[in-house]
Amino acid sequence: GVLERTPPELASDIADRGIVLTGGGSLLQGLEQLIESKTGISVVTADDALTCVAIGTGKYVEYLASIKPNHFL
């Protein structure tokens, strides 16, 4: 499976901290429980699953612009 092909340091973080689901698909009823039962890893859905990816991407773009001011021009 995917976790077997994941780099060890990332797999360790996932095992320790769990999986956070984001996006509209994460709101499917029973998805958390299904993934948890198949992987044995704790799974939660982000508080604002529908917008958190867009917000995070925007913050990262702002960060990149601050370290490389003309990168997007």
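Values quoted throughout were computed directly from the atomic coordinates according to the rules given, and no laboratory measurement underlies them. Since the model is a prediction, treat every value here as computed from it, not as a measurement. Quick reminder, even Gly has a Cβ in these numbers, built from the backbone with ideal geometry, and neighbours come from all protein chains shown.
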Note on the stretch 34-57: residues in contact (Cβ under 8 Å) with a residue 24 or more places away in the chain and part of a loop (DSSP other than H, G, I, E, B) are 41, 42, 46, 49, 50
Within the stretch 28-52, the residues that are exposed (fewer than 14 other Cβ atoms within 10 Å of the Cβ) and at negative phi are 28, 29, 33, 34, 37, 38, 44, 47, 48, 50, 51
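Tell me, which residue of the stretch 2-30 that is closer than 17 Å to residue 42 by Cβ and not in a helix (DSSP H, G or I) is farthest from the chain's Cα centre (by Cα)?
Step one: of the stretch 2-30, the residues closer than 17 Å to residue 42 by Cβ are 2-3, 6, 10-22, 26, 30.
When the remaining residues are screened for being not in a helix (DSSP H, G or I), the result is 2, 6, 18-22, 30.
Working: 2: 15, 6: 14, 18: 10, 19: 7, 20: 5, 21: 6, 22: 6, 30: 18 Å.
Looking at the filtered set, the residue picked out is 30.
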